[in-house]
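Engineer: Below you will find the structure I want to go over with you.
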Amino acid sequence: MKKIVNKTVSGIIEIARGMFTILKHAFRPAITLEYPEKKPILSSRIRGKLALTTNQEGNLNCVGCMSCTKVCPCGDLIQIESSKDENNKPVVNKFTIDIGRCIFCGNCTQACPKDALIMTDEYELADYSRESLVFDKDKLMLSPEESANWRDKKERDS
Amino acid sequence: MHDIYIEIFNKLGIPTVLAEITWPVIPFIFVAILLILVVIFLVLMERKVLAWLTVRKGPNRVGPFGFFQTIADAIKLLCKEDIMSKDTNKILFTLAPMIVFAPIMIIYGLMPFTEKFVAINLAAGLFLVFALSSITTVGIVLAGWASNNKYSLLGGMRSAAQAISYEIPLVIAVLSIAVLAGTLNLSDIVIAQAGGFSDGAFFSWNVFSWNIIPAFIGFVVFFICSIAEVNRIPFDLPEAESELVSGYNTEYSGMKFALFFLAEYAAMFIMSVLIVTLFLGGYLSPFSDYLSVTLFQNIIHNQNILYIFMHIEQGFWLIAKTYFVIFIIIWIRATLPRLRADQLMSFAWKFLLPLSLVNLTIVAVFKYFSTLMNG
Amino acid sequence: MALESTLNKEMIINVGPQHPSTHGVLRLVMTLEGEIIKDTKPVIGYLHRGLEKLAESRNYFQYLPMVDRVDYLSSFFCSAAFCYAVESIAGLKVPKRAEYIRLITMEFNRITSHLMWLTAFLLDLGATTPMFYAFREREDIVKLFEELTGQRMMYNFYTFGGVKKDLPEGWMTKAVDLCKSMPKMFDEYEAIITKNPIFMERTKGVGVLTQKMAADYAITGANIRGSGIDFDLRKTNPYSVYDEIDFKTHLAENGDSYDRYMVRIAEMRESVKIIEQALKQIPGGTPERLKVKSVNCGCKKEDCEFCGFDVQLVGKKLNAAVFKPPVGEVISMIEAPRGVITCYVVSDGTNKPYRVKWRTPSFSSVQLLPELIKGKNYSDLMPIFGSLDVVLPEVDR
């Protein structure tokens, strides 16, 4: 009998303690981030959509060395076709990335010797078809200003 | 009211017989509207309170503060396809939500929302309330069985076991109210709680004559049992979404699911009203007199208007108390984990049943001495 | 006769593969009599991604991001296991600073993993609210990870011979602040849960894992410590820099679900202490200070305090295309939140591993399940299975 009473009393006390701990939270500000209206603040290291940087003249920094393809875990995700122009300088004719299959591991950007391939903070990549997620050179290319922006960011970070 | 109603029919040239037939239906139309309004508000309230307790914001997209979220959900449920799997018992499957829903709607008619706003004022109203609320269990068992789903079946069986064990302490707790009030009429039970402790200024407040004071243990037992009766955490074993994948209503969709949903929240509201009616003085104000009467009696001398004011206030008190009880139920839901089926049984039989008997004894002794003292 | 056969009827119930409390896609074929579990057969493999086979067609650097997917709730641990294995084959030395960064991230990861377990466990028991609180704290840690690695879940942060990047500026202050506020949060969970009579009823004496059973089934991690066996690789076989850190392992006696819960809560508190120590002891101190000092110093000596080997991030820069560890095989073991993760790597001297084998703790825990829940009520499945902390991708790989 004594045991039951003890158990009941301690049970009631503990439940009350739990309930008041929960009520305490009612007076704290909500942590909800109302997403489409308010966007999260991202760090500068965020690994988002891949992009190709350009130099001041608007040409690609990429030289077609294929370093990125060698470390990409997804096999043929990055496809590069390059040729040499009359000055024996490499020109990238085709640069396709299938963002739908990309796992955003960041291996390619780290392997890139020229900082030509970078990761932006763009993460809203949903689309209606798989085909539209295959990004070609024009879609991946950043403007010279944006490229400079990103280069600054990278330098500040490291 | 009755006469006016028939007069309107006569003026429109419709036979009186038709008026006489339709007259009893009218309270039920009011009840149905009330029920739907209450549920719509209740669902929103639950979501908002839960969000508030879990540092979230809750629904806030549809309408201001998400007021129309429930309505949007209801429309969605109405538009949904009514899926019935292959080997279900079609008749019982369709019947089950109705069996669950209909008794609760009748109970609404029995509740004294104010002094006069009682659709059916029966001498044995309290008895009928419990008779009807037991029927919903039949519907749940039926739903579980007819779904042809093992999870649903388990949920239905659990519901039956739970109802049997929890209804006994529930009814014994209510018995103490019958002892105190000396009647089974719900309106009379409320009126019996008026008057206060004595004639003094402070002690004549109605609070002191509410049934919760002599029958506090009964109140606790009744509160716990009513949570079990409406299948809410920590006693939501029939639905237990993490165990039985929402139990008896797993296979239901569309309007049939909506009926279950409606019934569940309506039952929660009605149980809270019942707790208020039986233990917390129903529509009575906690003070010695109605606030509106004390405030306006010197300004407004028309007795009819004062009477209307009083009714509104009575409704206000009932709703306020009810939502306070509902808030506590939601608060409990936010805190506690679920019990296991056998623990639930032993809790009911070994703990609540003796407790309710203790309560009955205390109340009986109290009643005996208070009648002695009052002569 | 007819009545008898009806009464003895057993019901076979299929829990999962899609069931709210199987933590992924586990299928349990259960034989119930009433609500008593007679027999259970776990069916696994719904989340099999062939991570072991994939390694054989990819070079070491290509495989590195995939390792994170072995157990998505404790990515750092899997990554560390693979890195330590490859490092010991290739004979790469890891700088102290990198080891400390690894340790800090791993311990933070242990807390996130345990918080995730706590939410799932309590959700299975029907308590919904602690989930939101635990996720709030988890979010804080995940934010730190995002700032450090650039990703919230699949970090791909460790590399052979170190880590990829240094701590960002201001990261350490944030981490210290978080370590200060976290024990208070754990107190709050405990106020809600630990002594709650219903929670105690549900978990005490339920799913008792005896010491013999635990040893027989090769259970590791918090599960075995809950049974009272003092087995913690961080203590018994210190990898990384755990030997420089002062910490306790927490044990319980009975081996029931409640004890496993208590051990995990205590482990989270201990992890906070480990992180606090590591943040104090990290060679080079804060990244801001280190940057300034190393520029000023510039001596380029091996044992320099500010620009020597110990404050580097990567011991030796490797080229992905030409990295070919010598022939050999090695096993590395890591004390992950769920137990010991073992990574076995065989190298044949090419740039692709010949074979990678993962031994994951959840795999053993799932095998234990039928034995633990035999003869119990169906409702006991949740406290037992929940407390074992099984993560299905880890089981299937």
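Engineer: Since residue B:92 meets every condition but one in (1) surrounded by 19 or more Cβ atoms within 10 Å (Cβ to Cβ); (2) farther than 30 Å from residue B:192 by Cβ, which condition does it not meet?
Structural biologist: (1)
Engineer: Ok, one more. For segment B:1-9, indicate whether the set of residues that are of a type in the set (Val, Ile, Thr) and under 30 Å from residue B:331 (Cα atoms) is non-empty.
Structural biologist: Scanning segment B:1-9, I find no residue that is of a type in the set (Val, Ile, Thr) and under 30 Å from residue B:331 (Cα atoms), so the answer is no.
Engineer: Under the condition of being surrounded by fewer than 24 Cβ atoms within 10 Å (Cβ to Cβ) and within 11 Å of chain B (Cβ to nearest Cβ), which residue from segment C:356-379 is nearest to residue C:64 (Cα to Cα)?
Structural biologist: Ranking the qualifying residues of segment C:356-379, first place goes to C:378.
Engineer: Turning to a different aspect of this structure: Report yes if residue A:72 is under 16 Å from the mean Cα position of the chain (by Cα) and either under 29 Å from residue B:333 (Cβ atoms) or buried (at least 20 other Cβ atoms within 10 Å of the Cβ) (or both), otherwise no.
Structural biologist: yes
Let's see how each residue does on (1) in a helix (DSSP H, G or I); (2) hydroxyl-bearing (Ser, Thr, Tyr); (3) within 14 Å of another protein chain (Cβ to nearest Cβ); (4) under 22 Å from residue B:342 (Cα atoms):
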site	(1), (2), (3), (4)
C:182	yes, no, no, no
C:190	yes, no, yes, no
C:205	no, no, yes, yes
C:208	no, no, no, yes
C:214	yes, no, no, no
C:223	yes, no, no, no
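To keep it simple, each residue is scored yes or no on (1) surrounded by fewer than 17 Cβ atoms within 10 Å (Cβ to Cβ); (2) modelled with pLDDT under 80; (3) closer than 27 Å to residue B:334 by Cα.
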{"site": "B:55", "(1), (2), (3)": "no, no, yes"}
{"site": "B:61", "(1), (2), (3)": "yes, no, yes"}
{"site": "B:82", "(1), (2), (3)": "yes, no, no"}
{"site": "B:98", "(1), (2), (3)": "yes, no, no"}
{"site": "B:102", "(1), (2), (3)": "yes, no, no"}
{"site": "B:113", "(1), (2), (3)": "no, yes, no"}
{"site": "B:128", "(1), (2), (3)": "no, no, no"}
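Engineer: Do we have residue C:144 as crowded, with 23+ Cβ neighbours inside 10 Å and either in contact (Cβ under 8 Å) with a residue 24 or more places away in the chain or more than 14 Å from chain B (Cβ to nearest Cβ) (or both) here?
Structural biologist: When the stated conditions are applied, residue C:144 does not pass them.
Engineer: Also: Can you list the helices (runs of 4 or more DSSP H) found entirely within segment B:197-306 that contain at least 2 residues being touching a residue at least 40 places away in the same chain (Cβ under 8 Å), of a type outside the set (A, V, I, L, M) and farther than 30 Å from residue C:21 by Cα?
Structural biologist: Filter on segment B:197-306 gives B:216-229, B:254-279.
Engineer: Do we have any residue at all in segment C:123-141 that's surrounded by 24 or more Cβ atoms within 10 Å (Cβ to Cβ), among the basic types (Lys, Arg) and touching a residue at least 12 places away in the same chain (Cβ under 8 Å)?
Structural biologist: No, that holds for no residue.
Engineer: Of (1) farther than 22 Å from residue A:151 by Cα; (2) within 14 Å of chain C (Cβ to nearest Cβ); (3) of a type outside the set (A, V, I, L, M, F, W, C); (4) surrounded by fewer than 16 Cβ atoms within 10 Å (Cβ to Cβ), residue A:122 satisfies all except one. Which?
Structural biologist: Of everything listed in (1) farther than 22 Å from residue A:151 by Cα; (2) within 14 Å of chain C (Cβ to nearest Cβ); (3) of a type outside the set (A, V, I, L, M, F, W, C); (4) surrounded by fewer than 16 Cβ atoms within 10 Å (Cβ to Cβ), residue A:122 misses just condition (1).
Engineer: Here's something else I'd like to know. Out of C:24, C:34, report the one residue that is without any contact (Cβ under 8 Å) to a residue 60 or more places away in the chain, small (Gly, Ala, Ser) and farther than 18 Å from residue A:103 by Cβ. Steps first, answer last, please.
Structural biologist: Details: C:24 fails: without any contact (Cβ under 8 Å) to a residue 60 or more places away in the chain.
Result of the check over C:24, C:34: C:34.
Engineer: Additional query: Quick check on my filter: what residues within segment C:183-226 are under 23 Å from residue C:37 (Cβ atoms) and surrounded by fewer than 21 Cβ atoms within 10 Å (Cβ to Cβ)?
Structural biologist: Selection gives C:200, C:201, C:204, C:205, C:208, C:210, C:212, C:213, C:216, C:217.
Engineer: Now for a separate question. Could you check segment B:330-373 and list, in sequence order, the residues that are over 23 Å from the mean Cα position of the chain (by Cα) and polar (S, T, N, Q)?
Structural biologist: B:343, B:346, B:361, B:370, B:371
Engineer: Return yes or no: is residue C:315 under 30 Å from the mean Cα position of the chain (by Cα) and in contact (Cβ under 8 Å) with a residue 24 or more places away in the chain?
Structural biologist: Yes.
Engineer: Here is a follow-up. Within segment B:103-125, is there a residue that is within 22 Å of residue B:237 (Cβ to Cβ) and not acidic (Asp, Glu)?
Structural biologist: Yes, some residue in segment B:103-125 is within 22 Å of residue B:237 (Cβ to Cβ) and not acidic (Asp, Glu).
Residues checked against (1) assigned to a loop (DSSP other than H, G, I, E, B); (2) within 17 Å of the chain's Cα centre (by Cα); (3) under 23 Å from residue B:260 (Cβ atoms):
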| site | (1), (2), (3) |
| --- | --- |
| B:7 | no, no, no |
| B:27 | no, no, no |
| B:32 | no, yes, yes |
| B:40 | no, yes, yes |
| B:45 | no, yes, yes |
| B:48 | no, no, yes |
| B:52 | no, no, no |
| B:57 | yes, no, no |
| B:65 | no, no, no |
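Engineer: I've got another one for you. Do you know which of the residues in segment B:210-232 that are under 22 Å from residue B:101 (Cβ atoms) and of a type in the set (Val, Ile, Thr) is nearest to the other protein chains (Cβ to nearest Cβ)? Break it down stepwise before answering.
Structural biologist: Of the residues in segment B:210-232, the ones under 22 Å from residue B:101 (Cβ atoms) are B:225-232.
After this cut, where a residue has to be of a type in the set (Val, Ile, Thr) as well, the list is B:227, B:230.
Details: B:227: 13, B:230: 16 Å.
Per the stated criteria, the residue is B:227.
Engineer: With respect to residue B:249, determine if the residue is of a type outside the set (Lys, Arg), in contact with a Phe, Trp or Tyr (Cβ under 8 Å, 6 or more places away or on another chain) and either assigned by TED's automatic domain parsing to the domain that holds residue B:325 or under 30 Å from residue C:119 (Cβ atoms) (or both).
Structural biologist: In short, yes.
Engineer: OK, next. Of all residues in segment B:318-356, how many are touching a residue at least 40 places away in the same chain (Cβ under 8 Å), away from chain C (no Cβ under 14 Å) and aromatic (Phe, Trp, Tyr)?
Structural biologist: Adding up the residues that qualify gives 3.
Engineer: So how many residues does segment A:29-64 have that are within 13 Å of chain C (Cβ to nearest Cβ) and out of contact with any strand residue (DSSP E or B) (no Cβ under 8 Å at 6 or more places or on another chain)?
Structural biologist: Residues in segment A:29-64 being within 13 Å of chain C (Cβ to nearest Cβ) and out of contact with any strand residue (DSSP E or B) (no Cβ under 8 Å at 6 or more places or on another chain): 11 in total.
Engineer: Moving to a separate point now. Among the listed residues C:160, C:108, C:61, identify the single one that is in contact (Cβ under 8 Å) with a residue 40 or more places away in the chain, within 17 Å of the chain's Cα centre (by Cα) and surrounded by 22 or more Cβ atoms within 10 Å (Cβ to Cβ).
Structural biologist: Numbers: C:160 fails: within 17 Å of the chain's Cα centre (by Cα); C:61 fails: within 17 Å of the chain's Cα centre (by Cα).
Only one candidate qualifies: C:108.
The values are calculated or read from the model by the stated rules, or taken from the named source; none is laboratory data. Everything numeric in this text was worked out from a predicted model, so none of it was measured. With ideal geometry, Cβ positions are generated from the backbone for all residues, glycine too; neighbour counts draw on all protein chains shown.
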